[in-house]
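Heads up, the thing below is written out as structure tokens.
The values are calculated or read from the model by the stated rules, or taken from the named source; none is laboratory data. These figures come from a predicted structure and were not determined experimentally. Neighbour counts are summed over all protein chains in view; Cβ atoms, including those assigned to glycine, are modelled from backbone coordinates with ideal geometry.
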Amino acid sequence: MGGASVAVTSDETALYRNPANLGSVRDVYGTILDPELEGSSNFVKQVTSNSTGKAFEIEEIKNNLDSNREAFYHAKAQVSPSIVRRNFGFGLLMKNDVSAETEATGSTMDIKYQSDLAVVMGATLRLFDGRIKIGANVKALNRIELNNPLLSTTGSMDLASIGSEGTGFSFDGGLLIQMPWIYLPTLGAVVRDIGDTQFDKQDGFRLRANSRPETVKQSVDAAIAIFPIHSNMVRSVWTLEYSDVTNSRNDTDTMKRAHFGMEINTRDIFFFRLGYNQRYWTAGFEIASERFQWQVSSYGEEIGTELAPREDRRLSTKFALRF
């Protein structure tokens, strides 16, 4: 879907993407296990090589990139079991996410690493028979972070020495307005990290580091969507989204904020998706049933600049057991 989700998500992931859409959940259900894996070509190369395959170990990443200098590395692993019903949801989040690149001489590495452990709760208020939905979530979030564009490759790779750790509370607010007309035109918006999220409530929960993670600034995402019904067995979704509207004046590269997605849904069993994410195409499919869900997708991420665009092509897959 090109990363566009604010106006269209109506399952358990609405907890994170737009809590107002918890008001669109039809029944009580949840996920028991839902591993999601994502990587670029260098991640695949590492885990299939003779290395130890520790995809999120800083030392392993450094060793891998030393023989692939100026090649971008990205890996992500996540599980987010949850239970939701109409207007309410509760979930857990465990996520590791790393992107890195070593410059030509091999002396420094540009790396961004995050390891998150969170508990989240969300709720929605439905107004005017559900045509307007207002939602909010609260997260208790512990983060281990390393964000260093010039990390020396000859120094320590111990996260306690070079990284940061802290715990904080995060708040999101969401709005969904859906008109009772043909195609159900919908406007969605989310204010993320209301009042900024600071990791200053507790340190040493998982790692005794010397500093706290960076403050996450408040941002706003906005989207529009339509939902045509083509027959008794075929429906589609079309959505356009613009991320971080509040800071858009500080960044002239508007294409990095634009997302477009479309989905063809057949019998709520097979879903085919296409999209546009930061200048690059996206595509994927999902096979779903009452008890399981399998998704595969490919997307491009912009890692360059407005004048010198550069794509990192990524592959993602997710499998979920549901009840």
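Of note:
- Whether a residue is touching a residue at least 12 places away in the same chain (Cβ under 8 Å) and at positive phi was assessed, and ASP312 does not pass this test.
- Which listed residue, of GLY168, GLY155, GLY122, is touching a helix residue (DSSP H, G or I) at 6+ places or on another chain (Cβ under 8 Å) and closer than 27 Å to ASN18 by Cβ: GLY122
- Residue in segment 230-246 that is within 20 Å of GLU301 (Cβ to Cβ), in a helix (DSSP H, G or I) and touching a helix residue (DSSP H, G or I) at 6+ places or on another chain (Cβ under 9 Å) present: no
- Taking (1) surrounded by 13 or more Cβ atoms within 10 Å (Cβ to Cβ); (2) more than 26 Å from SER219 (Cα to Cα); (3) among the charged types (D, E, K, R) in turn, GLU290 satisfies each apart from (1).
- Being among the basic types (Lys, Arg) and farther than 25 Å from TYR242 by Cα is a description that applies to ARG206.
- Test result for VAL220, of a type in the set (Val, Ile, Thr), within 30 Å of GLY23 (Cβ to Cβ) and in contact with a helix residue (DSSP H, G or I) (Cβ under 6 Å, 6 or more places away or on another chain): yes
- Top-ranked residue in segment 240-277 [being under 17 Å from the mean Cα position of the chain (by Cα) and of a type in the set (Asp, Glu); ranked as modelled with the highest pLDDT]: GLU241
- Positions within segment 117-150 being surrounded by fewer than 20 Cβ atoms within 10 Å (Cβ to Cβ) and closer than 26 Å to GLY304 by Cα, in sequence order: ASN147, ASN148, PRO149, LEU150
- Residue that is crowded, with 16+ Cβ neighbours inside 10 Å and within 21 Å of the chain's Cα centre (by Cα), where the choices are GLY195, GLY166: GLY166
- Top-ranked residue of segment 86-109 - restricted to ones that are of a type in the set (D, E, K, R) and either surrounded by 16 or more Cβ atoms within 10 Å (Cβ to Cβ) or out of contact with any Asp or Glu (no Cβ under 7 Å at 6 or more places or on another chain) (or both), ranked as farthest from PRO180 (Cα to Cα): GLU101
- Filter result for the condition that a residue is charged (D, E, K, R) and crowded, with 18+ Cβ neighbours inside 10 Å, over LYS76, LYS112: LYS76
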